[in-house]
Amino acid sequence: GQQLNQSPQSMFIQEGEDVSMNCTSSSIFNTWLWYKQDPGEGPVLLIALYKAGELTSNGRLTAQFGITRKDSFLNISASIPSDVGIYFCAGRYQGAQKLVFGQGTRLTINP
Amino acid sequence: NAGVTQTPKFQVLKTGQSMTLQCAQDMNHNSMYWYRQDPGMGLRLIYYSASEGTTDKGEVPNGYNVSRLNKREFSLRLESAAPSQTSVYFCASTPGHSRSTDTQYFGPGTRLTVL
């Protein structure tokens, strides 16, 4: 089935560093979503993107809907310990009821 | 307002045993979903229910059945568990299909081990 390629698979950074991750698809999506999963919890929506080129921020997080509609990017500025977790991208085709998820990026922060 | 609840939180089964994972939401959402999460695989959709009374297969439906009991509840059944079904199972719900209600709300997960 359709898959999203998310990279990197894992990141080990120092507190205070900026983080960048991305997601690519071979197909066009009408919606891109970014979720975060804390250890032992279910994913929680961070940012939703609905328009090609759209740039949206949520605090220190910024996400972009790629112009080609086949990719999306998430940046985290000035990382803090509570940013630790797994970040998932997800895409949705126009009119679809289902989301397609990326494999996740596991973020580890050294204090 | 509890959101999405799942029971049990943990379960160990022997190969061939059956069990039902329960999911309920109190947000009056129309659509509900079952995912499994495996290391390095992300979230894969097993089944979903777009509205009460309807169910459809997702990406990995084999070995599972579902029941949308009413608007609140969506259960996942393993008739004959296999070790390959060892995973973390998440239930999710969403208000509907329109763009403004695209957010999926996830439950805390059920950690299932099949020996």
Within region A:30-85, how many residues are buried (at least 19 other Cβ atoms within 10 Å of the Cβ), farther than 25 Å from B:Asp38 by Cβ and of a type in the set (S, T, N, Q)?
-> 2
In region A:83-95, is there at least one residue being in contact (Cβ under 8 Å) with a residue 60 or more places away in the chain and either in contact with a helix residue (DSSP H, G or I) (Cβ under 6 Å, 6 or more places away or on another chain) or of a type in the set (S, T, N, Q) (or both)?
-> yes
Quick one: A:Gly1 ticks every box in (1) at pLDDT 95 or above; (2) open to solvent by 40 Å² or more (accessible area, probe 1.4 Å) bar one, so which box is it?
-> (1)
Please state which of the following conditions A:Leu107 fails to meet, knowing it meets all the rest: (1) surrounded by 13 or more Cβ atoms within 10 Å (Cβ to Cβ); (2) under 30 Å from B:Pro8 (Cβ atoms); (3) within 14 Å of chain B (Cβ to nearest Cβ).
-> (3)
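Suppose the filter is surrounded by fewer than 19 Cβ atoms within 10 Å (Cβ to Cβ), small (Gly, Ala, Ser), more than 10 Å from chain B (Cβ to nearest Cβ) and assigned to a loop (DSSP other than H, G, I, E, B); does A:Gly95 pass it?
Here the answer is no, as A:Gly95 does not meet what is asked.
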Residue hits (region B:17-62; open to solvent by 50 Å² or more (accessible area, probe 1.4 Å), more than 14 Å from chain A (Cβ to nearest Cβ), modelled with pLDDT of 95 or more and in contact with a strand residue (DSSP E or B) (Cβ under 7 Å, 6 or more places away or on another chain)) are B:Ser18, B:Gln22
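Kindly evaluate A:Gly85 against the criterion of being within 14 Å of A:Leu45 (Cα to Cα) and away from chain B (no Cβ under 11 Å).
Numbers: within 14 Å of A:Leu45 (Cα to Cα): yes; away from chain B (no Cβ under 11 Å): yes.
The answer is yes for A:Gly85.
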Select, from B:Val114, B:Val60, B:Val12, B:Val66, the only residue that is over 21 Å from A:Leu33 (Cβ atoms), free of Cβ contacts under 8 Å to residues at least 40 places away in the same chain, in contact with a Leu (Cβ under 9 Å, 6 or more places away or on another chain) and among the β-branched types (Val, Ile, Thr).
-> B:Val66
Looking only at region A:1-54, which residues are among the polar types (S, T, N, Q), assigned to a strand (DSSP E or B), under 19 Å from A:Ile76 (Cα atoms) and at the interface with chain B (Cβ under 8 Å from one of its Cβ atoms)?
-> A:Gln6
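The values are calculated or read from the model by the stated rules, or taken from the named source; none is laboratory data. Since the model is a prediction, treat every value here as computed from it, not as a measurement. We place every Cβ from the backbone using ideal geometry, glycine too, and count neighbours over all the protein chains shown. Accessible surface is based on the protein model in full, side chains and every heavy atom, while ligands, DNA and RNA are left aside. Shrake-Rupley method; radii C 1.70, N 1.55, O 1.52, S 1.80 Å.
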